[in-house]
Amino acid sequence: MNKPKVAFFDFASCEGCQLQIVNLEADLLAVIEHVDVVSFREAMKEHRDDYDIAFVEGSITRRSDESRLKTIRENAGTLIALGSCAALGGINCLKNFFELDYVRETVYGDRTMNYETYAARPLKAVVPVDFEIPGCPISRPEFVRVLKSLLLGKKPEIPNYPVCVECKIEGNICAFERGMPCMGPITRAGCGATCIKEGSFCWGCRGMVEDPNTDAQRDILNKYGLDVNDIFGKFRLYTGYSEVAK
Amino acid sequence: MNETKTIQVKHVTRVEGHGNIDITIKDGQVQNCQWKVVEAPRFFEAMVRGRKWFETAHITSRICGICSIGHTLTSLKATEKAMDIAVSKQTENMRKLLLHAENIQSHILHVGYLVLPDLLGAPSVFPLASSHRNEVLVVVRLHQLSNEMSDLIGGRTTHPQRPVVGGFTKWPTPMELKKLRARLEDGMADLDALVELVRAHADRLPHFERETEFIALKHPNEYAFYDGDITSTDGGTWPVKNYPKICNEFLVPQSTAKFSKHNRESYMVGALARLNNSYQQLSPKAKAVAEVFSLQPVNCNPFMNNVAQIVEIAHCLEDGIQLIDAILADGIVDEQAAAAVKAGKGAASVEVPRGILFHEYEYDDAGICTWANCVIPTNQNHGNIQKDFESLVPQIKDRSAEEIELTMEMLVRAYDPCISCSTHCIFI
């Protein structure tokens, strides 16, 4: 049986999600026994365009990147957005809340016009995307699960329930009880509530569940005497694209 | 010789981020030779404006997945400086340990996964997984060890959660640290295997030297990673707050990243720059590894940066054991991170895998970030890479285009550039 050909690509990102694939360590050796990696610029010199599955990290932040993404889309049978930048727009969208000229001037001064940029956006704003693996960074087990599903010809599923569910299973003390405004009640699970487990709170990096219970989120905020703006600011960290600049 | 050789590499492979090589040699004359940075700009300094004091490290960590721990720690130190927040000895030791974990992780990723294929004549690590299985397993085990270390201290290998302004949200238990200590000791055997593997193929590293300036942090009591003053192999020591006068960032047309220069046309930062400035403070094992490769300061061969990284892996393993002993001897106190928010401005620096990193922030009374600046190591190296191009290409111009291409790719790779990091740095 021919092994499925897999390729990895990246746009504006920290490449931390591709790093999670390297971080599979010995499991990566097992993965590459079941697929042919035909393009992975960060790790290999070889390159071929006949891939079946493309994993794409990063958000699209300039018009000149669109054609490269469209070519990847044409070549790939299945295109998967890898990580929050690709799936949601992610942290790069923070710049969308400023006037772009202001952003460019802040960084590049009076030479600003030489540096092309536009509002940061997820892949799906440019091409159709088949599946999304959100997370900043992605969860390694979730990546392996999605890949296994694809190899078995099944539709990959990721959780559509909030982080609170996993947080309870982990036995964490609720972040609200510790006085921290937490995005857990409306954020898509799949991370094992890792940030809360490590003593922090949910930053919302995996984006919202479908049809989030925003009333419940508001009730919780009221119960703990927290300001809705605290959540609104956090909401913008990763899912700002859904709010502006479409 | 009436021929034109054109070497155009679009998106150099096995490096982090997007950079191009553009060389034209006509009739034996080098007509064009450029290192171009084409990464999409990301504008982090603007993105943190208006965000709260506890969010800046979370956001700037996302500058780089590979050195997210270094960015997090530099950011935390800068915020602490701005608000006059002191941290405990325990926090400091734990941060040093976490930084060691990242240095091992990043260096072994670079040497083992990105550089080793060049030394073994393979296009990537993937075919090596079957042709050199045992060698690859050495690399995988060291990488795994460093990631376990990051997980244990920082709560995650990439974008750590536990380190916060004023300290940590959670501490490892003494038992966990003892287990890690044993793992680090076991790692020494894999380190020896790595040293032997690279030594056996070290003749593949080109013999190329170009005198340049090496800049790094320097500390009176230790091989500087977490703290110190800025120093240079050209002489001089400066407090971290003077960093804009050292880095002198400037824009060049071929690049979305800024370039830097200090005393000379360019300077180099990273493992080789650290080693050249602080060799005497390396751990005994690290010095022994340096001797295997005859690597002594001041070494001006940028390809030896690969070797300097192996030397630093040895240092981080050995010093990591010492740090754990010190932490266990003091006993781990379950202290809470404390921070009193106030207005202020502060700069901080940490030596991250690819070199000296600066973050600076200004906050208002409410702890809202009003201004930020980040100067990234790879940015500081771009100018030096370009000057190496201008020196090395004429020396090898008569070789085949394929050979020149491989050598120049290896040169870029030797710097371990982190290009997505480097494209959003500013002066105001």
message: For the stretch B:151-162, give me each residue that is facing chain A (nearest Cβ under 10 Å) and not in a loop (DSSP other than H, G, I, E, B).
response: B:151, B:154
- request: Can you tell me which residue among B:181, B:141 is out of contact with any Leu (no Cβ under 9 Å at 6 or more places or on another chain), assigned to a helix (DSSP H, G or I) and at pLDDT 95 or above?
  value: B:141
message: Regarding the stretch B:82-92, can at least one residue be identified that is within 12 Å of chain A (Cβ to nearest Cβ) and either of a type in the set (Asp, Glu) or touching a residue at least 24 places away in the same chain (Cβ under 8 Å) (or both)?
response: no
- line: Of the residues in the stretch B:86-120 that are hydrophobic (A, V, I, L, M, F, W, C) and outside any helix (DSSP H, G or I), the one that is surrounded by the most Cβ atoms within 10 Å (Cβ to Cβ) is B:87
statement: The condition of being surrounded by 19 or more Cβ atoms within 10 Å (Cβ to Cβ) and in contact (Cβ under 8 Å) with a residue 12 or more places away in the chain holds, among B:288, B:257, only for B:257
- prompt: In the list A:132, A:157, which residue meets the criterion of being assigned by TED's automatic domain parsing to the domain that holds residue A:19, closer than 29 Å to residue A:77 by Cα and charged (D, E, K, R)?
  reply: A:132
message: Can you pull out every residue in the stretch B:121-138 that is crowded, with 17+ Cβ neighbours inside 10 Å and more than 10 Å from chain A (Cβ to nearest Cβ)?
response: B:128, B:132, B:135, B:138
- prompt: Looking at the stretch B:2-23, which of its residues are surrounded by fewer than 16 Cβ atoms within 10 Å (Cβ to Cβ) and either of a type in the set (Ser, Thr, Tyr) or touching a Ser or Thr at 6+ places or on another chain (Cβ under 6 Å) (or both)?
  reply: B:4, B:6
- prompt: Of all residues in the stretch A:56-101 being hydroxyl-bearing (Ser, Thr, Tyr) and in a helix (DSSP H, G or I), which is nearest to residue A:122 (Cα to Cα)?
  reply: A:84
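The values are calculated or read from the model by the stated rules, or taken from the named source; none is laboratory data. Just so it is clear, the model here is predicted, and its values are computed rather than measured. As a convention, Cβ positions derive from the backbone with ideal geometry for all residues, glycine included, and neighbour counts pool all protein chains shown.
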